[in-house]
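Take a look at the structure below.
The values are calculated or read from the model by the stated rules, or taken from the named source; none is laboratory data. As the structure is a computational prediction, the values presented were derived from the model and not from experiment. Backbone-built Cβ (ideal geometry, glycine too); neighbour counts: all protein chains shown.
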Amino acid sequence: MIASIQGLGWVTAAGHGQGHDSRSVQLTAGELPRLRGAQVFPEGHPRFGRLDTFSRIGVGAIAFAMADAGLANWQEKRRTGIVAATEHGCLQTDADYYDTVIPNDGECASPNLFAYTLPNCFLGEAALQFGLAGPTYVLNHRPEDELAGLRAAIQELHWEGLDGILAGVVNADGPCLDPQPRRLPPGAIFLYLSPADREGAYGTLSLAADGTCRHNGQIVRRWQTLLDTALAMRHANQDNDR
Amino acid sequence: MNPVYVTRSAVITSFGDGLSVLWDGLLAGRSAVTPVRRFPTTHYLASEAACIDWLDAVPPGHAIERLLDRLATGFGPLPTGTRLLTATTKGGIDALQDQRRRGADADLDTTNGNGFIRLAERYWGLDDPTALNLNAACASSTLAIARGAAMIAHGAADAVLVVAADLVSEFVFSGFSVLRALSSNGAHPFDRDRAGLVLGEGAAAVLLTNRPLAKTADDTPSIRLLGWGSANDANHVTAPARDGCGLIAAIRRALAVADRTSEAVAGISAHGTGTVYNDAMELTAIEAIFGDRRLPCHSVKGAIGHTLGAAGAIELALGLRMLTTRTVPPTVGLSTPEPRAEGRFAAVAQPLGEGCLLSTNSGFGGVNAALLLGREEDV
């Protein structure tokens, strides 16, 4: 199975952005930037400021990837899916929500926080923002297999005959998460993948029957490696065009 | 595509262990909804839920593992190389509750999907490095079953075990209460006077296999999973799309995968939470797909509550019995069907004609999913 990488967006401790205007992205430890709605949606977004951190970085990275792929604007809903991998999901939001339940046995529970205690809810935000009407779900996998979510997304793209799919990873930060074991630092990264009949600015991903994932023929097992090689290809092409 | 068989299943609901007690309870028109004992409900809209009574005595943080341990007991050996998919919305959320209340260190492993996978691996004796946990709100296990079916259909697996469970917790109860989604007098799916949902807890395991493994298993492999589909409403984060667009798309996709038209569907196991908007949306989708046809339809949630991420797997297991007995059980809690539900949903059992059974679920985040089941001899 082959997929073209059309767009790349991220929010990490090192900053936020999209592939066409940045030559590197670093998945580094540190505090995540507190994105404002205007940084993600120039025309504004009515709920962005109320989103929890998990949702904010997830929606932000998806928005950047969609813009990078030139697909931010739409007229009709698209059969595009989203598969987001996470290690601890919205655990910090869960803790923040339950802290509003404890006083007075739930009398002051926060409806806004509760809505985001399902880790897939931010996918609904992204879906309505960009008209994405394909399958959407969050998944967990063994942490050492960093690209398991990406493989699942490539399979969904082909098995479900989708126009495209956003494949990514989202991990929030926060005091409840700090003691938890984690493989990846906090941050969100999304790739927009399309079937291989469209040329991808960032090259192609192939998935072998044994699960081996290759980017432009080279085996990749880690997100950072994939990001580095994808961005290198994108900017080599841009430089050649000049 | 390779044919996909539903080879084996196990369920635990508030009626007890196994499908037979659930089936008998439904046919008797009984509800397993009782007053909640495990946390105070003074400040909530409701005071009842469909709880598994023995879980009340389990220490905080251990309910989900006890539930899976019991579910796995007697399930039987799995085919070599069985892959694992799990589904839960909040897993062992009681551990987080305990940690926040006591302010002490606590093992939060089972509150995330990886911990849930590890529990399932432990109790079913699996070691699958490719195991995934899917979270798609109240359609989580429906999507996991759909993915498992796709894996078999496309030759990526020979057998897939789907394990799903969710608990009645103060965490979720308070949330649905503050969103004003809970009914204070029981769930009445598709009733004219429905006023909200009732929460439930439960677990289910479903073994999907290809044809050779289905034929060699001890069980009678008579039910096939013919089609599956999923779509997002792209409309609202917590409310269903009033035009049913996502559910309609999911059903159409399931029919397309099965290479069938809507005429092949003989009955429907609906999501049917009992909220005003969910049930109205489902009826809109049913009318869009089936027109004026009055198919026998059913919702289980008036009897066992809304079991969240486990709902799809429990309802699939129930669908096996519906197809085997050619019976659609009563919709417990239904008294006076709303006009569009008349002739479809009933408070009594209805015969299920020859053809397929459609099972659907929808959830927060705009998620919709549909499964199409059929008896081998009808295929």
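Out of B:73, B:82, B:89, which single residue is within 12 Å of chain A (Cβ to nearest Cβ) and among the polar types (S, T, N, Q)? Steps first, please.
Numbers: B:73 fails: within 12 Å of chain A (Cβ to nearest Cβ); B:82 fails: within 12 Å of chain A (Cβ to nearest Cβ).
Step by step, each of B:73, B:82, B:89 is checked, and only B:89 is within 12 Å of chain A (Cβ to nearest Cβ) and among the polar types (S, T, N, Q).
Condition check ((1) under 13 Å from residue A:188 (Cβ atoms); (2) buried (at least 24 other Cβ atoms within 10 Å of the Cβ); (3) at pLDDT below 95) across all residues:
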| residue | (1), (2), (3) |
| --- | --- |
| A:58 | yes, yes, no |
| A:61 | yes, yes, no |
| A:78 | no, no, no |
| A:87 | yes, no, yes |
| A:101 | no, yes, no |
| A:107 | no, no, yes |
| A:112 | no, no, yes |
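Filter the stretch A:46-56 down to residues that are surrounded by fewer than 17 Cβ atoms within 10 Å (Cβ to Cβ) and not charged (D, E, K, R) and give me whichever is nearest to residue A:127 (Cα to Cα).
Here is the first cut: in the stretch A:46-56, the residues surrounded by fewer than 17 Cβ atoms within 10 Å (Cβ to Cβ) are A:46-47, A:49-50.
From the residues that got through so far, the ones that are not charged (D, E, K, R) too are A:46, A:49.
Working: A:46: 15, A:49: 18 Å.
Selected residue: A:46.
Looking at A:188, A:167, A:172 in this structure, which one is in contact (Cβ under 8 Å) with a residue 40 or more places away in the chain and touching a Leu at 6+ places or on another chain (Cβ under 7 Å)? Walk me through how you get there before you give the answer.
Working: A:188 fails: touching a Leu at 6+ places or on another chain (Cβ under 7 Å); A:172 fails: touching a Leu at 6+ places or on another chain (Cβ under 7 Å).
After applying the criteria, what remains is A:167.
Starting from the stretch B:337-359, take each residue that is at positive phi and list its partners that are at pLDDT 95 or above and outside any loop (DSSP other than H, G, I, E, B), counting only C-beta distances under 7 angstrom and pairs at least six apart or across chains.
Close Cβ pairs (under 7 Å, with a partner that is at pLDDT 95 or above and outside any loop (DSSP other than H, G, I, E, B)) amount to B:355/B:264; B:355/B:265; B:355/B:266.
Can you name the helices (runs of 4 or more DSSP H) wholly within the stretch A:35-115 that have at least 2 residues being of a type outside the set (A, V, I, L, M) and closer than 17 Å to residue A:172 by Cβ? Walk me through how you get there before you give the answer.
Details: elements: A:37-40, A:53-68, A:91-101, A:111-115.
Answer list for the stretch A:35-115: A:53-68, A:91-101, A:111-115.
I'd like the full set of residues that are more than 14 Å from every other protein chain (Cβ to nearest Cβ), surrounded by fewer than 20 Cβ atoms within 10 Å (Cβ to Cβ) and either in contact with a Ser or Thr (Cβ under 7 Å, 6 or more places away or on another chain) or among the hydroxyl-bearing types (Ser, Thr, Tyr) (or both), limited to the stretch B:23-46.
Once the filter is applied, which keeps residues that are more than 14 Å from every other protein chain (Cβ to nearest Cβ), surrounded by fewer than 20 Cβ atoms within 10 Å (Cβ to Cβ) and either in contact with a Ser or Thr (Cβ under 7 Å, 6 or more places away or on another chain) or among the hydroxyl-bearing types (Ser, Thr, Tyr) (or both), the stretch B:23-46 yields B:34, B:35.
Yes or no: the stretch B:286-309 includes at least one residue that is within 14 Å of another protein chain (Cβ to nearest Cβ), closer than 20 Å to residue B:188 by Cβ and touching a strand residue (DSSP E or B) at 6+ places or on another chain (Cβ under 8 Å). Please lay out each step first, then the result.
Step one: list which residues in the stretch B:286-309 are within 14 Å of another protein chain (Cβ to nearest Cβ), which gives B:306, B:308-309.
Checking the rest, the ones that are also closer than 20 Å to residue B:188 by Cβ come to B:306, B:308.
Within this subset, residues satisfying the condition of being touching a strand residue (DSSP E or B) at 6+ places or on another chain (Cβ under 8 Å) are B:306, B:308.
Yes, the stretch B:286-309 has at least one match.
Residue-wise test of (1) touching a helix residue (DSSP H, G or I) at 6+ places or on another chain (Cβ under 6 Å); (2) surrounded by 20 or more Cβ atoms within 10 Å (Cβ to Cβ).
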residue: A:179; (1), (2): no, no
residue: A:190; (1), (2): yes, yes
residue: A:200; (1), (2): no, yes
residue: A:205; (1), (2): no, yes
residue: A:210; (1), (2): no, no
residue: A:216; (1), (2): no, no
residue: A:221; (1), (2): no, no
residue: A:225; (1), (2): no, no
residue: A:228; (1), (2): no, no
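Mind counting the residues in the stretch A:198-214 that are free of Cβ contacts under 8 Å to residues at least 60 places away in the same chain and away from chain B (no Cβ under 14 Å)?
Our first condition is that a residue be free of Cβ contacts under 8 Å to residues at least 60 places away in the same chain; within the stretch A:198-214, this holds for A:208-210, A:212, A:214.
Those left that are additionally away from chain B (no Cβ under 14 Å): A:214.
Total meeting the criteria: 1.
Hey, which of the strands (runs of 3 or more DSSP E) in the stretch A:134-242, taking only ones fully inside, have at least 2 residues that are under 18 Å from residue A:20 (Cβ atoms) and either β-branched (Val, Ile, Thr) or within 18 Å of the chain's Cα centre (by Cα) (or both)? Please lay out each step first, then the result.
Values: elements: A:136-141, A:164-171, A:187-195, A:204-207, A:213-215.
Filter on the stretch A:134-242 gives A:164-171, A:187-195.
For the stretch B:47-77, which positions are in a loop (DSSP other than H, G, I, E, B), crowded, with 20+ Cβ neighbours inside 10 Å and within 22 Å of the chain's Cα centre (by Cα)?
Initially, the stretch B:47-77 is screened for residues in a loop (DSSP other than H, G, I, E, B), giving B:47, B:51-52, B:58-62, B:73-77.
Checking which are crowded, with 20+ Cβ neighbours inside 10 Å leaves us with B:51-52, B:61.
Answer for the stretch B:47-77, where residues must be in a loop (DSSP other than H, G, I, E, B), crowded, with 20+ Cβ neighbours inside 10 Å and within 22 Å of the chain's Cα centre (by Cα): B:51, B:52.
Say whether the condition of being within 14 Å of another protein chain (Cβ to nearest Cβ) and either assigned to a helix (DSSP H, G or I) or in contact (Cβ under 8 Å) with a residue 60 or more places away in the chain (or both) is met by at least one residue in the stretch B:260-281. Steps first, please.
Going residue by residue through the stretch B:260-281, those that are within 14 Å of another protein chain (Cβ to nearest Cβ) are none.
Looking through the stretch B:260-281, none of the residues is within 14 Å of another protein chain (Cβ to nearest Cβ) and either assigned to a helix (DSSP H, G or I) or in contact (Cβ under 8 Å) with a residue 60 or more places away in the chain (or both).
For the stretch B:112-132, does any single residue satisfy the condition of being of a type outside the set (Asp, Glu), more than 13 Å from residue B:165 (Cβ to Cβ), within 9 Å of chain A (Cβ to nearest Cβ) and part of a strand (DSSP E or B)?
yes
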